[in-house]
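This report refers to the structure that appears directly beneath it.
The values are calculated or read from the model by the stated rules, or taken from the named source; none is laboratory data. Keep in mind the model is a prediction, meaning the values are calculated, not measured. Using ideal geometry, Cβ is built from the backbone for each residue, glycine included, and neighbour counts are taken over all protein chains shown. Ligands, DNA and RNA are excluded from the accessible area calculation, which covers all protein heavy atoms including side chains. Shrake-Rupley method; radii C 1.70, N 1.55, O 1.52, S 1.80 Å.
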Amino acid sequence: MSKQAKKQQQQQQVEEEEEETSGPVLIGQLEGNGITQADIKKLMDGGFNTVESVVYAPKKALLAIKGISEAKADKIMAEASKLVCLGFTTATEYHESRADLIHVSTGSKELDKLLGGGMETGAITEMFGEFRTGKTQLCHTLCVTCQLPVSAGGGEGKAMYIDTEGTFRPERCRAIAQRYNLDPDEVLDNIAYARAYNSDHQCQLLVQASAMMCESRYALLIVDSATALYRTDYSGRGELSARQMSLARFLRSLARLADEFGIAVVITNQVVAQVDGAAMFGSDPKKPIGGHIMAHASTTRLSLRKGRAEQRICKVYDSPCLPEAEATFGIYEDGVGDCKD
C-alpha cells in the first residue's frame, strides 16, 4: 500500500471516529453503576432517549416518571453529567464550534445572504406574517433543501414536518425536488409528516420526534403553525395564563431538540391586528401572537409581508447576531427563489 493510500485511510478513520463522537449520546450508555435495563426502559417510555435529554431536564421531570424514586433520579443525573460536559468553556472554543455550524438554504440567494447562509441549525427560527406571505411555501422548500449536501447549502439529513393547519402538500415537494435534480420519491421518503389535532397532541409528537431522531439523521424540524391550535384550544383572558404556560413548555421542548440533535427548528406564527389606540401611530398594526413567551423562545424572528405579484419581503425582526435588514424573494412553481425581474 502506498503512503498516499495509507494517509487517506487514516484520514477516513479519523473522520469516522469524529462522526461517532459527535451527536447525542444514546440513553443506553447509562446502563451500569446501579442503573438497570428496566430503568433505561422507563426513561425511554417517559420520552428521554438521549443522555443530553436527561441532563437538560429538571429533576422533577425524572421524578414524574412512574417507578423512578428520588434516590434513583439522583443516581441517573449523576451518571448522565459524567457523559455530558456541563461546565464552562472559553469563548474561543465556543467560537470555533460555531464556525462549523451548518445553515440550511432557503432556495433564495438573497434570503440566504440576509440570514447569514440560511436557516441556522441548533436554533429556533420563527417566521410570522399574515396569510399568503410565503410561510408555508418556505417550509416546503426547506424540506427539500435540507436533504442536499452541505456543500450545496443543505444539511444532509431528513426533514420532519408537524402540520397543524392541514396545508402540507407533497406535490409541492416533488416539484421542488426536480429543480434540484433529486429523485422526488426519495425526497418524500425522507420527510416524516404528522398532522397535529390539538395542542396536547402537538406536544406528544415531539416525544415521538425525539425517538425518531435517535434512529436516523434529521436536519430540520418544521412546525406549521406553532400557535394555531393554541388559539382555538384556549379562549378568553381566563385561559390566557394556562395557554402561555403550555406554549412555553412546547417551545422549551423544541429548544431541547435543537440543542440535543443540532437540527434547524423552523416554526411559523400567525399575526393579530392591533385594535387599540397604539395601532393608529404604529407603521404596522399587525403583531405576532404568543406574546413575550414566543418572542424570548425564538432565536431569530423573521417578519414576512406581501410584495408585487409573486414577490414577498422578509425582514429580520429580531436576532442575536443579524442586522435589521430586508430581502425580497419570489414564490414560483419550483419553490422559493430569487426574484426574476
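Some notes on this structure:
- Inter-residue pairs, beta-carbon under 9 Å, first without any contact (Cβ under 8 Å) to a residue 24 or more places away in the chain and farther than 16 Å from S105 by Cα and in the stretch 179-195, second open to solvent by less than 80 Å² (accessible area, probe 1.4 Å) and among the basic types (K, R), 6+ apart: D189/K158
- Cross-chain or 6+ apart pairs with Cβ under 8 Å, the stretch 62-76 first and charged (D, E, K, R), then open to solvent by 60 Å² or more (accessible area, probe 1.4 Å) and at pLDDT below 90: K75/N33
Yes/no per residue for (1) under 20 Å from R305 (Cα atoms); (2) open to solvent by 10 Å² or more (accessible area, probe 1.4 Å):
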position	(1), (2)
D74	no, yes
V84	no, yes
L114	yes, yes
T121	no, yes
T125	yes, no
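- Test: residue in the stretch 296-319 that is open to solvent by 30 Å² or more (accessible area, probe 1.4 Å), touching a residue at least 40 places away in the same chain (Cβ under 8 Å) and under 17 Å from the mean Cα position of the chain (by Cα): yes
- Residue identified as open to solvent by 40 Å² or more (accessible area, probe 1.4 Å) and either under 15 Å from the mean Cα position of the chain (by Cα) or modelled with pLDDT of 90 or more (or both) among Q270, Q202, Q274: Q270
- Just one residue in the set G166, G154 is open to solvent by less than 10 Å² (accessible area, probe 1.4 Å) and either in a loop (DSSP other than H, G, I, E, B) or modelled with pLDDT under 95 (or both); that residue is G154.
- Segments classed as helices (runs of 4 or more DSSP H), wholly inside the stretch 176-274, with at least 1 members that are touching a Pro at 6+ places or on another chain (Cβ under 6 Å): 184-189, 240-261
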